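J.: Supplied in structure tokens, the structure appears directly below.
The values are calculated or read from the model by the stated rules, or taken from the named source; none is laboratory data. Please read these numbers as outputs of a predicted model, since none were measured by experiment. FYI the Cβ positions are ideal-geometry reconstructions off the backbone, even for glycines, and counts take in every protein chain you see.
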């Protein structure tokens with residue numbers, strides 16, 4: 001979904017700072033139903049365009065095979081496909097992915113849409129990705145760490161999300177500290193990957209500045 005306690009959509013610049021569903025409400029099935037309902041009620045919960053930081057990081061890279069984990073309405077999956085990437089988009093909201101599939105068809109690109117919980121999904125055993133993108137999907141650190149095993153040699157893990165410091169010094173995002181990132185946590189989750197970037201950055205919004213965290217880490221061999 002572009003995001004849960006496992007899949008939490010914090011406010012993004014493109015969401016207009018709208019109040020978002022409580023990520024801790026009910027069972028995983030309840031949360032899935034909540035997001036299906038939200039996606040069904042709006043033409044776009046998130047922007048149809050990619051997050052600016054994701055675009056800055058990935059936009060100039062040579063295309064390969066990409067995984068968009070927590071794809072939501074598919075804005076990044078469709079954008080990557082337009083750039084020539086072969087994209088797998090995973091999200092637990094069938095409604096969100098159906099909207100992405102419709103947009104992909106409108107724009108003449110193909111994406112492999114997979115309805116599954118990002119916290120427990122695994123690719124096929126021999127499948128490897130040149131890019132694993134986790135954008136505003138607030139997964140436990142062990143799940144983020146697991147994604148590094150899905151990278152091909154030279155492949156990159158890119159995580160963009162709300163920072164822990166945003167709770168006290170920024171706007172929007174989840175209110176549960178367990179769902180927020182710190183550079184130290186992401187660096188640890190990257191394990192043996194080569195860190196190219198791991199830091200906080202300020203993202204301006206209509207409601208004020210949000211504090212986000214970004215990780216770019218690459219598998220060398």
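J.: Got a number for residues in the range 149-203 being within 28 Å of residue 85 (Cβ to Cβ) and part of a strand (DSSP E or B)?
T.: Matching residues across the range 149-203 total 23.
J.: If you take the residues in the range 179-198 that are over 23 Å from residue 66 (Cα atoms) and surrounded by 13 or more Cβ atoms within 10 Å (Cβ to Cβ), which one is modelled with the lowest pLDDT?
T.: Pass one, the range 179-198, residues over 23 Å from residue 66 (Cα atoms): 179-180, 182-185.
From what is left, the residues that are surrounded by 13 or more Cβ atoms within 10 Å (Cβ to Cβ) are 179-180, 182-183, 185.
Working: 179: 82, 180: 92, 182: 96, 183: 98, 185: 96.
Among those residues, the one meeting the criterion is 179.
J.: Consider residue 80 against the criteria (1) buried (at least 21 other Cβ atoms within 10 Å of the Cβ); (2) in contact with a helix residue (DSSP H, G or I) (Cβ under 7 Å, 6 or more places away or on another chain): it satisfies all of them except one. Which criterion is unmet?
T.: (2)
J.: Please work out which residue is farthest from residue 182 (Cα to Cα), limiting yourself to the range 135-150 and to residues that are surrounded by 21 or more Cβ atoms within 10 Å (Cβ to Cβ) and either touching a helix residue (DSSP H, G or I) at 6+ places or on another chain (Cβ under 6 Å) or at pLDDT 95 or above (or both).
T.: 147
J.: Does residue 216 qualify as being within 22 Å of residue 77 (Cα to Cα) and crowded, with 23+ Cβ neighbours inside 10 Å?
T.: no
J.: Still on this structure, please answer the following. Closer than 27 Å to residue 87 by Cβ, assigned to a helix (DSSP H, G or I) and within 14 Å of the chain's Cα centre (by Cα), is that true of residue 143? Quick ask: steps written out before the conclusion?
T.: On the way: closer than 27 Å to residue 87 by Cβ: yes; assigned to a helix (DSSP H, G or I): yes; within 14 Å of the chain's Cα centre (by Cα): yes.
Spelling it out, residue 143 is indeed closer than 27 Å to residue 87 by Cβ, assigned to a helix (DSSP H, G or I) and within 14 Å of the chain's Cα centre (by Cα).
J.: Still on this structure, I have one more. Looking at the range 199-208, is at least one residue closer than 15 Å to residue 148 by Cα and at pLDDT 95 or above?
T.: No: the range 199-208 contains no residue that is closer than 15 Å to residue 148 by Cα and at pLDDT 95 or above.
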